[in-house]
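To keep things clear, I will list the structure first and then write my remarks on it.
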Amino acid sequence: MSDHTPDTGGQSDRLVSVEDVSFSYTAREVLTDISIAVDRGEYVGIVGPNGSGKSTLLRLLLGLHEPDDGWIELFGHPAGDFIDREKVGYVAQDVTENTKRMPITVKEVVLMGRFAHVGFGRITSADRERASEALATVGISHLADRKITHLSGGQRQRAYIARALASEAELLVLDEPTVGVDAESVDAFFELLADLNDDGMTILLVEHDIGAVITHASRVICLNRELYFDGDPASFAASDALDRAFGTNVRREDEVVPS
Ligand code: ADP
Ligand code: MG
C-alpha cells in the first residue's frame, strides 16, 4: 500500500486495516490477534459483551493506543502517525464528561470541525455556512445557540456528528452513541446514520443493541477479546457466534476460552 497516494489509486478504498493486533493495558490481554479491514462505504457494527475490548479496539485504530503486536493503518497510513485527523469523526463513549468542561454553544462545537481546514487562517463565512449545513443535516439547526451542556444525550450525539460532517470526515467512528438516548430518538438516530451511509459515509459503530446492528449495519463484527464473527448480518443472526462470545464473558479468567 502506497504512503504517497492515499487519495488515489486502487488501494484508496481501504479506510481501516487492522492486522493480527494484540493489546493489553496490564498483564491480561484485552485483544488477541484481531484482524479487521473496513472499506469505503461500509456500515460496520461491532458488538460484544461489556469489557470485551470494543472501545479499546476503536482507540487502537484511531492511533490513541499502540498495539503490542500487529499493525494498524488508517487511510493507508500507520494509525500512530496518521495526520489527516479531520478525515475521521470520532464520537467517544460518554462524551458527557468532556463537554461538562466545555460550556460552549452547539454552533461553536460544530465550527470546531472547520479548524483543520482553515490552517492559520480565519474562520470564514463559507466555514460558518458549512457548519450550519452540517447542523441541518443532523436535524438540530434549532439548537445552534444552545449550550452543548444543555442538550439531551441524543441531541449531543447529533452535534458531534455535525462536527464530523463539518470537518468533512470520511469515516465516522461511534462508540455506543445511543446509551442514555430515549427509544424514539434512537430510531431517528439510526435513520440518520443510514442516510449518512447512503450518502457515502463509512460508519464504524460500537453498539450494545444487537438487534439494531443486525437491522441497520451492512456487516457485523462480534468480539470478546478474540474475533468471533465478521460477516453479513443475516449470517450473524443465524450463527452461534453471539452465544459463544457472550458465553465466554461469564467464565472465570483461568478457564480456557474456546476458539
Ligand atoms: P468494552 O468497550 O467492550 O466494554 P473496553 O475496551 O472498554 O471494553 O475494555 C476492555 C478491557 O480493558 C476491560 O477489562 C477493561 O476493564 C479494560 N480497560 C479498559 N480501559 C482500560 C485502561 N485505561 N486501563 C486498564 N484497563 C482498561
Ligand atoms: Mg466500551
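The values are calculated or read from the model by the stated rules, or taken from the named source; none is laboratory data. Predicted model only: the values in this text are computed from it and were never measured. Positions of Cβ are backbone-derived with ideal geometry, glycine not excepted, and every protein chain shown enters the neighbour counts. The area values use the complete protein model at the heavy-atom level, side chains included, leaving out ligands, DNA and RNA. Shrake-Rupley method; radii C 1.70, N 1.55, O 1.52, S 1.80 Å.
Per-residue answers, yes or no, for (1) open to solvent by 40 Å² or more (accessible area, probe 1.4 Å); (2) more than 18 Å from V21 (Cα to Cα); (3) touching a residue at least 60 places away in the same chain (Cβ under 8 Å):
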| residue | (1), (2), (3) |
| --- | --- |
| I46 | no, no, yes |
| G51 | yes, no, yes |
| L60 | no, no, no |
| E66 | yes, no, no |
| M112 | yes, yes, no |
| G154 | no, yes, no |
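Name the pairs whose Cβ atoms lie under 8 Å apart, with the first residue in region 1-29 and acidic (D, E), the second in a strand (DSSP E or B) and at pLDDT below 95, and 6 or more positions between them or separate chains?
Going by the 8 Å Cβ cut-off, the qualifying pairs are D3/H77.
Give me the pairs, please: first residue somewhere in region 68-91 and closer than 24 Å to V30 by Cα, second residue anywhere and aromatic (F, W, Y), beta-carbon distance under 7 Å, and either six or more positions apart or on two chains.
D68/F23; L74/F82; F82/F75; V91/Y160
Can you confirm whether region 221-235 contains a residue that is crowded, with 20+ Cβ neighbours inside 10 Å and either at pLDDT below 95 or away from ligand 1 (no atom under 16 Å from the Cβ) (or both)?
no
Identify, please: which residue in region 68-77 is in a strand (DSSP E or B) and among the hydrophobic types (A, V, I, L, M, F, W, C) and is, among those, surrounded by the most Cβ atoms within 10 Å (Cβ to Cβ)?
Initial filter on region 68-77 (in a strand (DSSP E or B)): 69-74, 77.
With among the hydrophobic types (A, V, I, L, M, F, W, C) added as a condition, the list becomes 71-72, 74.
Numbers: W71: 13, I72: 24, L74: 26.
Among residues in region 68-77 that are in a strand (DSSP E or B) and among the hydrophobic types (A, V, I, L, M, F, W, C), the one surrounded by the most Cβ atoms within 10 Å (Cβ to Cβ) is L74.
Out of all the residues in region 38-67, which are within 16 Å of ligand 2 (Cβ to nearest atom), under 24 Å from G200 (Cβ atoms) and at pLDDT below 95?
Hits for region 38-67 are L61, L62.
Among (1) in a helix (DSSP H, G or I); (2) in contact with a strand residue (DSSP E or B) (Cβ under 6 Å, 6 or more places away or on another chain); (3) not polar (S, T, N, Q), which single condition is H117 missing?
Among (1) in a helix (DSSP H, G or I); (2) in contact with a strand residue (DSSP E or B) (Cβ under 6 Å, 6 or more places away or on another chain); (3) not polar (S, T, N, Q), H117 violates only (2).
Scan region 12-41 for residues that are within 12 Å of L74 (Cα to Cα), among the polar types (S, T, N, Q) and part of a strand (DSSP E or B) and jot them down.
S17 - this is the single residue of region 12-41 that is within 12 Å of L74 (Cα to Cα), among the polar types (S, T, N, Q) and part of a strand (DSSP E or B).
On the basis of being assigned to a helix (DSSP H, G or I), touching a Leu at 6+ places or on another chain (Cβ under 8 Å) and under 27 Å from H117 (Cα atoms), does A134 make the cut? Show your work before the answer.
Values: assigned to a helix (DSSP H, G or I): yes; touching a Leu at 6+ places or on another chain (Cβ under 8 Å): yes; under 27 Å from H117 (Cα atoms): yes.
Answer is yes for this residue.
How many residues are within 16 Å of ligand 1 (Cβ to nearest atom), of a type outside the set (A, V, I, L, M, F, W, C) and under 17 Å from the mean Cα position of the chain (by Cα) if we restrict to region 16-48?
So in region 16-48, the residues within 16 Å of ligand 1 (Cβ to nearest atom) come out as 18, 21-34, 36, 44-48.
When the remaining residues are screened for being of a type outside the set (A, V, I, L, M, F, W, C), the result is 22, 24-26, 28-29, 32-33, 45, 48.
Of the ones still in play, those that are also under 17 Å from the mean Cα position of the chain (by Cα) are 45, 48.
Qualifying residue count for the region: 2.
So I203 clears everything in (1) under 18 Å from I46 (Cβ atoms); (2) surrounded by fewer than 22 Cβ atoms within 10 Å (Cβ to Cβ); (3) within 13 Å of the chain's Cα centre (by Cα) except one condition, right? Which one?
(2)
Kindly indicate whether any position in region 176-193 is open to solvent by 20 Å² or more (accessible area, probe 1.4 Å), more than 22 Å from V106 (Cβ to Cβ), under 14 Å from the mean Cα position of the chain (by Cα) and away from ligand 1 (no atom under 16 Å from the Cβ).
No; the residues of region 176-193 include none that is open to solvent by 20 Å² or more (accessible area, probe 1.4 Å), more than 22 Å from V106 (Cβ to Cβ), under 14 Å from the mean Cα position of the chain (by Cα) and away from ligand 1 (no atom under 16 Å from the Cβ).
Pull up region 166-179, narrow it to residues that are part of a loop (DSSP other than H, G, I, E, B) and in contact (Cβ under 8 Å) with a residue 60 or more places away in the chain, then point me to the one that is farthest from ligand 2 (Cβ to nearest atom). Full working, then the answer.
Of the residues in region 166-179, the ones part of a loop (DSSP other than H, G, I, E, B) are 167-170, 176-179.
Now drop any that are not in contact (Cβ under 8 Å) with a residue 60 or more places away in the chain, which leaves 167-170, 176-177, 179.
Values: S167: 23, E168: 27, A169: 21, E170: 23, E176: 6, P177: 11, V179: 9 Å.
Step by step, filter region 166-179, then rank; the result is E168.
Under 7 Å by Cβ, and 6 or more places apart or on different chains, what pairs join a residue from region 186-208 that is of a type in the set (D, E) with one that is not in a strand (DSSP E or B)?
E207/E176; E207/T178; E207/V213
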